[in-house]
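See structure below.
The values are calculated or read from the model by the stated rules, or taken from the named source; none is laboratory data. Quick caveat: nothing in here was measured; it's all calculated off a predicted structure. Note: ideal-geometry Cβ built from the backbone for every residue, glycine included; neighbour counts use all protein chains shown.
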Amino acid sequence: MTRKTTPRTSALQLTDVTKSFGEISVMKGVNLDVEAGERHAVIGPNGAGKSTLFNLISGLFAVSGGDICLNGRSITGLPPHRINRSGLARSFQITNIFHRLSVFENLRIGVLARHGVRFGLFQPVSRMRAINEETVDILERVGLEPRADHLAGDLTYSEQRALEIGMTLTTGADVILLDEPTAGMSREETAKAVELIRSVTEGKTLLMVEHDMSVVFSLCDRVSVLVYGSILATDTPERISANRQVQEAYLGEEAAT
Amino acid sequence: MEFVIISALNGVTYGLLLFMVSAGLTLIFGMMGVLNFAHASFYMLGAYIAYAVSSYFGFWTGLIVAPVIVGIVGMLVERYLLPRVHAHGHAHELLLTFGLAMIIEELIKLFFGDFPVNYQMPDNLRFAAFTVFGTDYPFYRLFIGATAITMFALLWFLLARTRIGIVVRAAERLPAMAEALGHNIPVVFMGVFGVGAALAGLAGAVAGAFYPTNPNMGLELGVIVFVVVVVGGLGSLKGSLLASLLIGLFSSYSVGLDWSLAGLFGLVGLGDWAQSIGGLMTLELSSVSATIPFALMLIVLLVRPAGLMGERN
Amino acid sequence: MTNMRNILLIAAVLVALVAVPPFLGLGWQNALVNILIASLFALAFNLLSGQAGLLSFGHAAYFGMGAFATLHLMLAIEDGLSFPTPLLPLAGAAMGLLIGVVAGFFATMRSGVYFALVTLAIAELFHSLTPHLQGFFGGESGISSMRMPWQGFVFGTVLEVYYLTLFWVVLSVMALWAYTRTPFGRLTLALRDNEQRVRFLGYNAHTSKVIIFAVSAMFSGVAGGLQAISNETANYALFSSHISAQVVLQTFVGGATIFFGPVVGAVSFTLFAYLVSDLTRSWLFYQGLIFVLVMLFAPTGIGGVVQHHLRNVRRDDWLLLAGPYALAATGGVLIAGAVIYLTETVAVLFGEEYAVQIRNAEGSLPAYEMFGAWWEPFGIATWLVPVVLLAAGGAILVKSRGNILKCWEKMGREVGEGAHEPAAPGVAK
């Protein structure tokens with residue numbers, strides 16, 4: 001295991017993070033170091049706790065022990081909206097959008113938060129030019145501008161996934177967590193999604209949960225393997241796939257099928 | 001001492017009555033996610049049906065017929081009305097049952113008038129169970145408590161010891177899985193709704209002969225029952241038992257106490273100052289006993305938002 | 001084009017509201033005041049329950065507190081405080097805002113059905129506590145005051161009160177409309193859709209909900225203040241669950257998903273109450289029945305159904321639909337007739353007056369008067385009327401339902417939610 005420890009450039013650092021639900025311990029001391037600017041994947045068998053890990057980092061669940069640092073500052077125990085304002089945005093495995101609002105509105109809600117007009121009550125939103133222009137910009141980046149005025153609930157599945165990614169961009173976070181962004185997509189859709197993720201995370205730090213190893217290989221600089229609540233190994237995709245231990249724990253299963 | 005014992009007895013019987021109504025509410029919510037606003041109306045319906053039947057066929061017939069009819073009404077609501085609004089979400093289910101509560105209340109006013117009816121216990125139940133400190137304690141209060149306890153013993157036996165109970169508990173945990181295993185889940189749901197309603201109806205039939213039977217009784221008890229489930233945690237039977245007894249005891253003790261905030265300040269020598277403020281300060285606990293449950297609810301919300309036994313949201 | 005039409009429509013309504021009342025009788029002027037107040041209350045309620053999706057069953061608390069605060073300011077003016085009478089509703093607004101912040105803080109700690117229960121309990125807290133508080137709430141009898149003249153205005157006539165009410169209601173409605181256009185107004189809708197995602201976009205959901213709650217309570221307080229000005233009195237009955245229930249009914253019958261939907265409900269219910277509540281004591285029963293039918297067959301309310309048709313049906317289709325719709329309406333009227341007939345029969349037969357008549361007739365059931373005719377309790381005609389009405393109405397409805405569905409299919413439009421005729425029972429499968 002080669003773990004580069006360069007604390008000054010680490011964007012997200014987890015130290016001995018544990019989590020238990022009642023008697024059941026699901027995180028048994030996770031150590032993870034995501035460097036600023038890298039694209040990092042978390043892989044692992046089903047039930048390894050990948051989504052739980054994301055929920056801990058983003059503040060949906062409180063950690064039972066350990067420390068989480070974002071850009072060198074501890075975010076342990078902060079509520080989700082504070083963590084978001086500290087510069088971390090996440091997407092969800094199950095599409096989590098505003099179904100009854102238009103695509104444009106979905107994105108604008110985030111842009112408004114970023115500009116700090118969270119409680120704006122004294123100016124019509126249609127006159128806020130900077131915000132609307134920025135929303136259009138994100139709309140274009142995720143390729144949804146033809147669908148701007150449609151209800152988000154009416155979009156196709158892959159469009160909703162693109163919107164999901166777009167929403168994580170709106171708040172201007174520099175660390176982005178994507179939870180299985182290509183799950184349930186066809187091969188073509190996946191290829192498009194990978195290109196989208198590559199372009200929108202340019203210059204940002206990306207941590208993603210991904211099942212599809214081809215996505216991991218084409219997108220990520222480093223991979224961490226999470227097995228039953230602890231990190232088994234962290235390395236480049238090539239070396240991870242050559243790692244005997246990892247093969248046994250995880251890839252072995254896949255190879256067998 | 002006399003006050004302590006009598007109040008404890010009154011509190012426990014009232015608490016058991018509350019639990020009889022809140023148990024069905026919480027069970028139905030736990031299984032179907034439906035908060036039945038009309039649940040307390042079933043309680044009122046039980047009292048009125050028992051009143052109407054008992055005036056022709058005697059008290060005991062009324063006591064048996066009322067829960068049966070109310071149970072059938074409950075099943076019809078579950079089978080024919082709730083599914084229509086289900087697709088529009090829980091808010092619409094809540095609104096529908098809210099409307100039903102209104103209709104039941106107005107129907108009762110239409111048939112029985114907007115005033116209390118003379119629903120009384122039979123004379124052979126009107127005697128003193130025992131005498132404490134020279135005061136006769138009415139047997140009927142114990143009868144209310146005993147009815148509640150008998151019902152729960154039966155229910156518990158049904159749930160914990162029979163095949164039906166296993167299916168019901170499976171349906172509560174994982175409805176889809178239970179259905180896949182070949183159990184008729186819609187019928188189970190309908191049955192649980194019916195039993196919950198019948199329980200409320202029985203509570204009304206029993207309690208209506210002791211407490212006043214009037215068109216407001218549904219709302220009055222309903223609000224307290226809602227407080228019980230917020231305090232206890234919706235979906236938790238244990239929680240609602242605890243909260244029912246807690247609120248029962250709180251209410252019965254507060255009726256007899258003339259404590260006030262001014263008195264409290266008097267203990268630290270600020271009595272005169274508090275007296276001079278008046279208003280909330282000099283309000284005696286006995287006159288705000290109806291308010292106590294709500295105050296308790298706000299405190300629980302502050303300290304433990306999920307309720308005493310509830311899970312986080 | 002649509003925009004222009006809407007502006008013209010609103011302008012026409014405003015002109016009518018200003019110009020017509022002087023020519024109406026006192027009763028109608030009073031009814032209009034009540035309609036305006038109910039409309040504002042329903043809109044304020046809908047901000048919370050429709051737009052933010054937080055269903056409140058205890059909005060009487062904020063309405064009532066607004067009324068009491070306004071009355072206290074009126075009393076102070078009587079005692080010589082120089083405060084312009086037309087600005088009285090500000091007291092209601094301030095009190096509504098204050099109580100709304102506190103109550104909202106508690107209520108929004110829970111969501112979903114818990115929220116509804118907590119709001120109900122908070123209103124009951126007021127209802128059970130206030131009769132015991134002599135100072136601020138005047139105990140069980142409540143408090144009263146008088147409208148004091150200000151500048152040239154005497155506020156002695158209903159018409160003056162009407163214009164004052166109109167001014168405040170129009171101002172408040174404009175503010176509520178503007179609210180929906182602000183960033184926070186958009187956030188309100190987002191919260192209704194998906195509170196969790198709002199949190200992960202950097203918003204403090206609890207604070208946001210408290211603010212929405214407080215704004216809604218503030219405008220409810222204005223409505224309560226206007227009521228206090230109009231009635232010059234208030235007591236603890238203002239906190240009763242009937243007031244809370246009324247606003248829920250009006251809002252959802254009118255349609256919570258459209259801005260002006262609650263106004264439709266408030267206007268029609270208040271108007272009907274004014275017109276028929278003297279005629280029948282079953283009015284509240286009919287209200288409940290209408291509400292449940294709307295929930296069952298047109299969950300988006302009257303406003304939702306109208307909007308659905310405006311959006312989907314082009315003019316040509318109306319020709320196609322007019323026939324079946326008229327038929328369905330006929331069926332609905334017949335069934336409504338039967339329901340009203342049966343209800344009123346029950347009201348008479350189980351009423352107190354009739355009980356006296358039975359006693360006078362020594363046990364036998366005498367004939368009774370209803371709808372200007374005499375009916376025998378055991379007469380064939382008495383029970384044939386509702387049976388025939390029900391059968392005919394039911395048959396017509398079932399038939400027309402099929403026709404309407406066919407028409408829609410022909411127009412290639414999905415038979416979606418809220419699109420049914422909000423008609424009557426009997427259409428259910």
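Can you name the condition, by its number, that C:R5 falls short on among (1) surrounded by 16 or more Cβ atoms within 10 Å (Cβ to Cβ); (2) without any contact (Cβ under 8 Å) to a residue 12 or more places away in the chain; (3) away from chain B (no Cβ under 14 Å)?
(1)
Test A:A173 against the criterion of being closer than 26 Å to A:N46 by Cβ and either away from chain C (no Cβ under 14 Å) or crowded, with 20+ Cβ neighbours inside 10 Å (or both), and give yes or no. Show your work before the answer.
Values: closer than 26 Å to A:N46 by Cβ: no; either away from chain C (no Cβ under 14 Å) or crowded, with 20+ Cβ neighbours inside 10 Å (or both): yes.
Against the criterion (closer than 26 Å to A:N46 by Cβ and either away from chain C (no Cβ under 14 Å) or crowded, with 20+ Cβ neighbours inside 10 Å (or both)), A:A173 does not qualify.
Can you name the residue in segment B:105-126 that is within 9 Å of chain C (Cβ to nearest Cβ) and not in a loop (DSSP other than H, G, I, E, B) and is also surrounded by the fewest Cβ atoms within 10 Å (Cβ to Cβ) among such residues?
Among them, the one singled out is B:F111.
Looking only at segment A:37-50, how many residues end up being crowded, with 16+ Cβ neighbours inside 10 Å and among the small types (G, A, S)?
4
In segment C:105-140, what residues are touching a Gly at 6+ places or on another chain (Cβ under 6 Å) and β-branched (V, I, T)?
C:T119, C:I122
Working carefully through the options C:A67, C:A76, find the one that is part of a helix (DSSP H, G or I) and crowded, with 24+ Cβ neighbours inside 10 Å.
Being part of a helix (DSSP H, G or I) and crowded, with 24+ Cβ neighbours inside 10 Å holds for just one of C:A67, C:A76, which is C:A67.
Could you tell me whether B:I166 is touching a Ser or Thr at 6+ places or on another chain (Cβ under 7 Å) and at pLDDT 80 or above?
So B:I166 fails the test.
Only residues that are surrounded by fewer than 21 Cβ atoms within 10 Å (Cβ to Cβ) and touching a residue at least 60 places away in the same chain (Cβ under 8 Å): list them for segment A:202-214, please.
A:G203, A:K204, A:H211, A:M213
Which fully enclosed helices (runs of 4 or more DSSP H) of segment C:227-323 have 3 or more residues being away from chain B (no Cβ under 14 Å) and more than 24 Å from C:A60 (Cα to Cα)?
Correct list: C:301-312.
Residue by residue, here is whether (1) touching a residue at least 24 places away in the same chain (Cβ under 8 Å); (2) assigned to a strand (DSSP E or B); (3) within 18 Å of A:V200 (Cα to Cα) holds:
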| residue | (1), (2), (3) |
| --- | --- |
| A:L78 | no, no, no |
| A:H99 | yes, no, no |
| A:R118 | no, no, no |
| A:L121 | no, no, no |
| A:T135 | yes, no, yes |
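With the structure loaded, tell me whether A:R82 is within 11 Å of another protein chain (Cβ to nearest Cβ), in a helix (DSSP H, G or I), of a type outside the set (S, T, N, Q) and surrounded by fewer than 22 Cβ atoms within 10 Å (Cβ to Cβ) or whether it fails that test. It would help to see each step written out before you state the result.
Working: within 11 Å of another protein chain (Cβ to nearest Cβ): yes; in a helix (DSSP H, G or I): yes; of a type outside the set (S, T, N, Q): yes; surrounded by fewer than 22 Cβ atoms within 10 Å (Cβ to Cβ): yes.
Considered against the rule, which asks whether it is within 11 Å of another protein chain (Cβ to nearest Cβ), in a helix (DSSP H, G or I), of a type outside the set (S, T, N, Q) and surrounded by fewer than 22 Cβ atoms within 10 Å (Cβ to Cβ), A:R82 comes out as yes.
Does segment C:161-174 contain any residue that is surrounded by fewer than 19 Cβ atoms within 10 Å (Cβ to Cβ), in contact with an Asp or Glu (Cβ under 8 Å, 6 or more places away or on another chain) and away from chain A (no Cβ under 11 Å)?
Among the residues of segment C:161-174, not one is surrounded by fewer than 19 Cβ atoms within 10 Å (Cβ to Cβ), in contact with an Asp or Glu (Cβ under 8 Å, 6 or more places away or on another chain) and away from chain A (no Cβ under 11 Å), which makes the answer no.
Of the conditions (1) more than 14 Å from the chain's Cα centre (by Cα); (2) more than 23 Å from A:N84 (Cβ to Cβ); (3) modelled with pLDDT under 90, A:G203 clears all except one; give me its number.
A:G203 satisfies all of (1) more than 14 Å from the chain's Cα centre (by Cα); (2) more than 23 Å from A:N84 (Cβ to Cβ); (3) modelled with pLDDT under 90 except (2).
Kindly indicate the residue of segment B:35-64 that is in contact with a Ser or Thr (Cβ under 9 Å, 6 or more places away or on another chain) and surrounded by fewer than 23 Cβ atoms within 10 Å (Cβ to Cβ) and also farthest from B:P122 (Cα to Cα) among those meeting that condition. I'd like the intermediate steps shown before the answer.
The initial filter retains those residues of segment B:35-64 that are in contact with a Ser or Thr (Cβ under 9 Å, 6 or more places away or on another chain), namely B:35-39, B:41, B:44, B:47-48, B:50-51, B:53-54, B:60-63.
Remaining after also requiring surrounded by fewer than 23 Cβ atoms within 10 Å (Cβ to Cβ): B:51, B:53, B:60-61, B:63.
Values: B:Y51: 12, B:V53: 13, B:W60: 9, B:T61: 12, B:L63: 12 Å.
Going through the qualifying residues, I end up with B:V53.
Any residue at all in segment C:175-188 that is more than 14 Å from every other protein chain (Cβ to nearest Cβ) and closer than 29 Å to C:S82 by Cβ? Break it down stepwise before answering.
Going through segment C:175-188, the residues more than 14 Å from every other protein chain (Cβ to nearest Cβ) turn out to be none.
No, the conditions are met nowhere in segment C:175-188.
Of these, B:A197, B:A203, B:A243, B:A209, which one is part of a loop (DSSP other than H, G, I, E, B) and either under 27 Å from B:N118 (Cα atoms) or at pLDDT 75 or above (or both)?
Within the list B:A197, B:A203, B:A243, B:A209, the selection yields B:A209.
Test of understanding: among A:S158, A:S126, which residue is outside any loop (DSSP other than H, G, I, E, B), surrounded by 15 or more Cβ atoms within 10 Å (Cβ to Cβ) and modelled with pLDDT under 90? Before the answer, list the steps.
On the way: A:S126 fails: surrounded by 15 or more Cβ atoms within 10 Å (Cβ to Cβ).
Sole residue among the options that is outside any loop (DSSP other than H, G, I, E, B), surrounded by 15 or more Cβ atoms within 10 Å (Cβ to Cβ) and modelled with pLDDT under 90: A:S158.
Tell me the residue from A:V63, A:V26 that is crowded, with 17+ Cβ neighbours inside 10 Å, touching a helix residue (DSSP H, G or I) at 6+ places or on another chain (Cβ under 6 Å), outside any loop (DSSP other than H, G, I, E, B) and of a type in the set (V, I, T), please.
Criteria check complete, one pass: A:V26.
What are the residues in segment C:80-120 that are assigned to a helix (DSSP H, G or I), surrounded by fewer than 19 Cβ atoms within 10 Å (Cβ to Cβ), within 14 Å of chain B (Cβ to nearest Cβ) and touching a residue at least 12 places away in the same chain (Cβ under 8 Å), if any?
The one that is assigned to a helix (DSSP H, G or I), surrounded by fewer than 19 Cβ atoms within 10 Å (Cβ to Cβ), within 14 Å of chain B (Cβ to nearest Cβ) and touching a residue at least 12 places away in the same chain (Cβ under 8 Å): C:F105.
Taking into account only those residues within segment C:123-138 that are more than 7 Å from chain B (Cβ to nearest Cβ) and modelled with pLDDT of 85 or more, which is nearest to the chain's Cα centre (by Cα)?
Going through the qualifying residues, I end up with C:A123.
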